[in-house]
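Below is one structure, written out as structure tokens; the observations come after it.
The values are calculated or read from the model by the stated rules, or taken from the named source; none is laboratory data. Model, not experiment: these values are computed from the prediction. Here the Cβ positions follow ideal geometry from the backbone for every residue, glycine too, while neighbour counts run over all protein chains shown. Note: accessible area is taken over every heavy atom of the protein model, side chains too, but ligands, DNA and RNA are not part of it. Shrake-Rupley method; radii C 1.70, N 1.55, O 1.52, S 1.80 Å.
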Amino acid sequence: MDKAHVLGEAINYMKQLQERAKELEEYVQKKGVKSVINITRSHICIEDDTGVCEMNTNEDYGHNEALPDVEARVLGKDVLIKIHCMKQMGILVKILSQLEHLHLSISSTNVLPFGNTLDITIVAQMDGKYSLIVKDLVKNLRLVTVLK
């Protein structure tokens, strides 16, 4: 094999990868991934089909303490929730109770303690009474993790 042949094969492979990435993006758009919301320590970030919007959390919540990280993704009736917060007595019970109050049916829960923090992953399903947008779901969960 000479260098030109290897380079030609590399170019063909890159084209195949780009084509596959394009197909996957179209698939995600057709399947209706609605939105992703991240609340981080410094800002709220809302990503959806229209673009990215950011706002300062100090304006929204009126205090300057470290925020928990909360992320929610919705695909059809399925909801994936990821929370990274400080360890607190009864925090998981509060979160699960809030989700049931919001008419989300919990499918699975995973809690990983790490130092004095928790990584919580929850998969839930929306029932017919669920009426919140993802942004409000994240705000509700953030409030539950902040309140003592």
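Here are a few things to note about the model shown:
- Selection count, the range 86-116, where residues are among the β-branched types (Val, Ile, Thr) and farther than 19 Å from Arg73 by Cα: 2
- In the range 1-25, the residues that are part of a helix (DSSP H, G or I) never reach a residue that is open to solvent by 80 Å² or more (accessible area, probe 1.4 Å) with C-beta atoms less than 8 angstrom apart, at least six apart or across chains.
- Residue match in the range 122-130 (condition: in contact with a helix residue (DSSP H, G or I) (Cβ under 6 Å, 6 or more places away or on another chain), farther than 13 Å from Leu80 by Cα and among the charged types (D, E, K, R)): no
- Within the range 91-116, the set of residues being part of a strand (DSSP E or B) and surrounded by 15 or more Cβ atoms within 10 Å (Cβ to Cβ) comprises Leu104, Ile106, Thr109.
- Within the range 131-142, the set of residues being open to solvent by less than 80 Å² (accessible area, probe 1.4 Å) and more than 12 Å from His84 (Cα to Cα) comprises Leu132, Val134, Lys135, Asp136, Leu137, Val138, Lys139, Asn140.
- Filtered residues of the range 117-148 (kept if farther than 15 Å from Ala72 by Cα and either touching a residue at least 60 places away in the same chain (Cβ under 8 Å) or in a strand (DSSP E or B) (or both)): Thr117, Leu118, Val146, Lys148
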